[in-house]
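> Structure provided below as C-alpha cells; questions to follow.
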Number of protein chains: 2
Amino acid sequence: MKFNKILSNLKNYETGKPIELVVCEFGTNPEDVVKLASNENPFGVSKMVEQGMQEVFKNAYLYPDDSYYELKDVLANKHNVQSSNIIIGAGSDQIIEFCVHTKANKKSAVLMAGATFAMYEIYAKQVGAEIIRTKSKTHNLKELKELYKANKDKISIIFLCLPNNPLGECADAKDVYKFINKIKKNVLVVVDCAYMEFASFKDKDKLIQAKYLIENFENAIFLGTFSKAYGLGGMRIGYGIANKFIISELNKLRPPFNITTLSLRAAILALQDQNFVDECVKSNFLEMKRYETVADSLNIEYIPSYANFITLKFKEQNSTDICQNLLKKGIILRDLQSYGLNAIRITIGTSEQNTKVLEHLREILK
Amino acid sequence: MKFNKILSNLKNYETGKPIELVVCEFGTNPEDVVKLASNENPFGVSKMVEQGMQEVFKNAYLYPDDSYYELKDVLANKHNVQSSNIIIGAGSDQIIEFCVHTKANKKSAVLMAGATFAMYEIYAKQVGAEIIRTKSKTHNLKELKELYKANKDKISIIFLCLPNNPLGECADAKDVYKFINKIKKNVLVVVDCAYMEFASFKDKDKLIQAKYLIENFENAIFLGTFSKAYGLGGMRIGYGIANKFIISELNKLRPPFNITTLSLRAAILALQDQNFVDECVKSNFLEMKRYETVADSLNIEYIPSYANFITLKFKEQNSTDICQNLLKKGIILRDLQSYGLNAIRITIGTSEQNTKVLEHLREILK
C-alpha cells in the first residue's frame with residue numbers, strides 16, 4: 001500500500017524513557033528511579049487538585065463540554081483577555097500542530113532557533129514546509145531577523161521559545177517585542193511560553209504578557225501549558241491566546257473533545273492553587289543553584305537557565321555515555337545528542353532527587 | 001493574515017449539548033438533566049475502574065509511557081494479535097485522522113455511506129479529498145461497490161461503520177469480508193467498530209474479528225474504542241488494529257503522549273472488568289425494546305439498531321422542534337437534520353432515564 005509521499009520525511013518525537021521501561025530493562029526498584037528527563041513538576045500535583053479530583057472520576061464516561069467555556073473563562077480572567085481569544089489544546093503541542101497545519105505548507109518555510117522544541121520541526125515536516133534554523137543554538141534575535149529578511153517571501157511562521165527548551169536561555173520581553181514589530185503581519189509569530197512561569201519569576205524582564213502581546217501584534221500567538229509549573233503533564237492541557245480571527249481559524253482544525261473530561265476539571269482546579277505554583281517555581285531556582293555549584297566545581301559548562309531544567313555541556317566526556325551510566329543507576333536524564341549537542345538536560349527535581357543525581361554525577365565525572 | 005486555502009471548506013463536528021449549558025440556558029437542575037445525545041455509557045464507569053483510579057491521580061504530573069506497551073499487550077491478548085499490530089489514539093477519532101492524513105490528499109477521494117460518522121468527512125476535508133457518498137443513507141454494500149468501481153482511480157480510503165453511527169444498522173460480517181475482497185490492495189478500508197460490542201451481542205453474524213480481518217486483508221484497519229461499551233467516553237482512548245506496515249506509517253503522525261496518563265491506566269483497568277461491559281450491553285437491548293414498543297404504538301418509524309442508540313424517523317413532526325421541546329424539559333437528544341434526516345438519535349439510557357424520555361416523547365408526539 002502506498003501512503004502520502006510526505007511520510008517518508010517524518011520522524012517521531014523522542015520522549016524521555018518512562019520509569020516502567022527502566023524498571024523492566026535494568027530491574028531497578030521503581031521507587032529508586034529518579035526521572036528528570038521530561039521537565040515534569042517534581043512536586044507532582046497540587047494537593048488541592050488531587051483532593052478535588054477524587055470525586056470527579058465517576059464522570060469519566062461523559063464527554064467533556066466541548067466549548068470548554070468554564071476553563072476559558074478562568075484563563076481569560078487570569079490573562080485579562082476575552083474567552084474568544086483562547087483555544088484549548090491537548091498540551092500546547094496541539095496548538096503548535098494547529099498553527100502549522102493552518103498556516104504552513106510545502107511552499108512555505110518556518111523559522112526557529114538552532115536548538116529548540118522538537119515539535120516545531122516535526123509538525124512542519126508533516127506539511128512539507130522548509131525548516132530554517134539559526135546557526136546559533138540559542139535564540140539569537142539578530143540572526144533570526146537576518147534569516148527572516150533573507151527569506152521573507154516564503155516564511156509563514158516564526159517560532160520563539162521563551163524560555164527555550166532544551167537550552168533554558170530566554171530573551172528579554174522588550175527585545176522580543178521589538179523583533180516581532182519588524183515582522184510583516186502575514187507571518188504568524190508563535191511565542192511559546194510553556195516555561196514562562198519560571199522565567200518571569202527569575203527575572204521580571206523576561207515576562208511576556210499575553211494581553212500586551214496580542215493587543216500589539218495581530219500576528220502573534222501566546223502559548224501556555226499546564227504541563228510544567230501547574231504539575232499536570234500527564235493530563236495534556238495547553239492553550240493559545242491570540243486575536244479572535246486567528247483563534248477561529250485554528251479552531252477549524254480542533255477535533256471535538258480534544259482534552260479529557262478529567263483534564264478539563266484538573267486545569268480549572270489547578271488555576272485555583274496559585275500558591276502551589278509559586279512554591280514549585282521558588283524551589284526550582286534554589287535547587288538549580290546546587291547544580292550550578294557542582295558544575296562550577298567540576299568545571300562543566302552550563303547555560304544559565306530560566307526554566308525548570310539545566311543543560312550541562314560536555315567537552316571530553318560523551319553525553320550519551322554519561323546518560324547510559326546514570327540510567328543503570330535508575331536516573332533518567334535527557335541526552336541532547338539528537339539536538340546536535342554533546343549535552344545533558346536535567347529537570348530540576350525535588351531536593352532529595354537532586355541530591356541523588358548530584359552524587360552520581362560527581363562520581364561519574366570526577 | 002492569510003491562512004491555508006483549505007480552511008475555508010472546513011466545518012467543525014457538532015457535539016451533543018453538554019449538561020452544563022442546558023443548566024445555564026434553561027435553569028434546569030443539573031440532577032434533572034437527561035443527556036442521551038452522545039452515545040455515552042449510561043451506567044458510567046465500572047466500579048472496579050473507579051476504585052482503581054482513586055490512587056492514580058497523584059501521577060497526573062507525569063507524562064504517560066509513550067510506548068503504551070502495557071495497554072497494547074492487554075489489547076493484543078484480547079484480540080489475539082501482536083502489539084505491533086496496534087496503534088493507540090485519543091479516541092478512535094484520532095486513528096481516523098491518522099488514516100486520512102497518511103493516505104488521502106486533494107487528488108484522491110474517500111468513499112462512505114450516505115449518513116455515517118461525521119468525522120470521516122471532517123478529516124477528509126482537511127486534506128482536500130473528494131467525498132463520495134452512497135445515495136442510500138444506510139450502508140448499501142452493492143451501491144458502495146458500484147461507486148468504488150466507477151471511481152477506482154481516485155478512491156484512497158473506504159469507510160465502513162459497523163454498526164453505523166448515527167443510524168444503527170449493521171452489515172453482516174461475511175458480506176463485509178466479501179466486499180473488502182473486491183477492493184484493490186492500495187485502498188485503505190477503515191472498519192470502524194466503535195459499537196461492535198453491541199452489534200455482536202445482538203447478532204453473532206455481525207461480529208468482525210480484528211484478527212481475521214487483518215490476516216485476510218492487508219489493506220484493512222479495525223478501529224475500537226473505550227468510549228462506548230467500556231464507559232470511558234470522557235477519557236479519549238481508542239485503537240486501531242492493522243498489519244505492521246500500516247501501523248508504522250500511521251504512527252509517524254501520532255504526536256507524543258496522545259492519551260493522558262490517567263486514560264492509559266483507566267483503559268488497562270477497564271479491560272479487566274468484562275463483566276461490566278457485558279451487563280451494560282445486555283441492558284442496552286432490553287431497554288431499546290421499550291423504545292421500539294413506544295415507537296410502534298405511536299406509529300413512528302425507527303431503524304432496527306445494533307448499537308447503543310435508536311434513531312426515530314419523523315414524517316409530519318419536525319425533529320428539530322421535538323428536540324428543542326425536550327431540551328426545555330432537560331432532555332438532550334441528537335437531532336439528525338445536519339445529516340439530512342428528519343430524525344432523532346436517542347442513546348439508550350438507564351431504565352430510569354428511558355422512562356423519563358419515553359414519558360415526554362409520548363406527551364409531545366401523542
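> Counting only residues that are part of a loop (DSSP other than H, G, I, E, B), surrounded by fewer than 23 Cβ atoms within 10 Å (Cβ to Cβ) and at pLDDT below 90, how many does segment A:41-67 have?
Counting residues in segment A:41-67 that are part of a loop (DSSP other than H, G, I, E, B), surrounded by fewer than 23 Cβ atoms within 10 Å (Cβ to Cβ) and at pLDDT below 90 gives 5.
> Kindly list the number of the only condition in (1) free of Cβ contacts under 8 Å to residues at least 24 places away in the same chain; (2) of a type outside the set (A, V, I, L, M); (3) closer than 30 Å to A:LYS154 by Cβ; (4) more than 8 Å from every other protein chain (Cβ to nearest Cβ) that fails for B:ASN9.
(1)
> A further question follows. Are any residues in segment B:40-70 among the small types (Gly, Ala, Ser) and more than 8 Å from every other protein chain (Cβ to nearest Cβ), and if so, which ones?
Filtering segment B:40-70 for residues among the small types (Gly, Ala, Ser) gives B:44, B:46, B:52, B:60, B:67.
The answer is B:SER46, B:GLY52.
> Failed condition for A:VAL81, given (1) without any contact (Cβ under 8 Å) to a residue 24 or more places away in the chain; (2) in a loop (DSSP other than H, G, I, E, B); (3) more than 9 Å from every other protein chain (Cβ to nearest Cβ), with all others met?
(1)
> I've got another one for you. Out of contact with any strand residue (DSSP E or B) (no Cβ under 9 Å at 6 or more places or on another chain), surrounded by fewer than 24 Cβ atoms within 10 Å (Cβ to Cβ) and within 29 Å of A:VAL56 (Cβ to Cβ): is that true of B:LEU271 in this structure? Walk me through how you get there before you give the answer.
On the way: out of contact with any strand residue (DSSP E or B) (no Cβ under 9 Å at 6 or more places or on another chain): yes; surrounded by fewer than 24 Cβ atoms within 10 Å (Cβ to Cβ): yes; within 29 Å of A:VAL56 (Cβ to Cβ): yes.
Yes, satisfied.
> How many residues does segment A:166-184 hold that are charged (D, E, K, R), more than 21 Å from A:ILE346 (Cα to Cα) and either surrounded by 12 or more Cβ atoms within 10 Å (Cβ to Cβ) or touching a Gly at 6+ places or on another chain (Cβ under 9 Å) (or both)? First the steps, then the outcome.
Here is the first cut: in segment A:166-184, the ones charged (D, E, K, R) are A:169, A:172, A:174-175, A:178, A:182, A:184.
Adding the requirement that they be more than 21 Å from A:ILE346 (Cα to Cα) leaves A:172, A:174-175, A:178, A:182, A:184.
When the remaining residues are screened for being either surrounded by 12 or more Cβ atoms within 10 Å (Cβ to Cβ) or touching a Gly at 6+ places or on another chain (Cβ under 9 Å) (or both), the result is A:172, A:175, A:178.
Going through segment A:166-184 one residue at a time, the tally reaches 3.
> Would you say B:LEU7 is in a helix (DSSP H, G or I), in contact with a Lys or Arg (Cβ under 7 Å, 6 or more places away or on another chain) and within 30 Å of B:GLN337 (Cβ to Cβ)?
Working: in a helix (DSSP H, G or I): yes; in contact with a Lys or Arg (Cβ under 7 Å, 6 or more places away or on another chain): yes; within 30 Å of B:GLN337 (Cβ to Cβ): yes.
So B:LEU7 passes the test.
> Scan segment A:284-298 and tell me whether some residue there is assigned to a loop (DSSP other than H, G, I, E, B) and under 16 Å from A:TYR63 (Cβ atoms). Before you say what the answer is, go through the steps one by one.
Of segment A:284-298, the ones assigned to a loop (DSSP other than H, G, I, E, B) are A:298.
Pick out the ones that are also under 16 Å from A:TYR63 (Cβ atoms) and you get none.
No, the conditions are met nowhere in segment A:284-298.
> Can I ask one more? Could you pull out the residue among B:GLN353, B:GLN324, B:GLN337 that is within 30 Å of B:GLN54 (Cβ to Cβ) and not β-branched (Val, Ile, Thr)? Show your work before the answer.
On the way: B:GLN324 fails: within 30 Å of B:GLN54 (Cβ to Cβ); B:GLN337 fails: within 30 Å of B:GLN54 (Cβ to Cβ).
On inspection, the qualifying residue turns out to be B:GLN353.
> Kindly list the number of the only condition in (1) surrounded by fewer than 22 Cβ atoms within 10 Å (Cβ to Cβ); (2) under 18 Å from the mean Cα position of the chain (by Cα); (3) in contact (Cβ under 8 Å) with a residue 12 or more places away in the chain that fails for B:VAL127.
The one condition B:VAL127 does not meet is (2).
> Here's another thing I want to ask about it. In segment B:238-279, which residues are among the aliphatic types (A, V, I, L, M) and within 25 Å of B:MET53 (Cα to Cα)? Before you say what the answer is, go through the steps one by one.
Keep residues of segment B:238-279 that are among the aliphatic types (A, V, I, L, M), which gives B:241-242, B:246-247, B:250, B:253, B:259, B:262, B:264, B:266-271, B:277.
Passing the criteria: B:ILE259, B:LEU262, B:LEU264, B:ALA266, B:ALA267, B:ILE268, B:LEU269, B:ALA270, B:LEU271, B:VAL277.
> Look through B:ARG265, B:ARG345 and report the one residue that is charged (D, E, K, R) and not in a helix (DSSP H, G or I). It would help to see each step written out before you state the result.
Working: B:ARG265 fails: not in a helix (DSSP H, G or I).
Every option except B:ARG345 fails the conditions.
> Report the residue count in segment A:320-335 for those that are within 27 Å of A:VAL281 (Cα to Cα), out of contact with any Cys (no Cβ under 7 Å at 6 or more places or on another chain) and not in a strand (DSSP E or B).
Residues of segment A:320-335 within 27 Å of A:VAL281 (Cα to Cα): A:323, A:326-327, A:330-335.
Pick out the ones that are also out of contact with any Cys (no Cβ under 7 Å at 6 or more places or on another chain) and you get A:323, A:326-327, A:330-332, A:334.
Those left that are additionally not in a strand (DSSP E or B): A:323, A:326-327, A:330.
Total satisfying the criteria: 4.
The values are calculated or read from the model by the stated rules, or taken from the named source; none is laboratory data. These figures come from a predicted structure and were not determined experimentally. Positions of Cβ are generated from backbone atoms using ideal geometry, with glycine treated the same way; all protein chains shown enter the neighbour counts.
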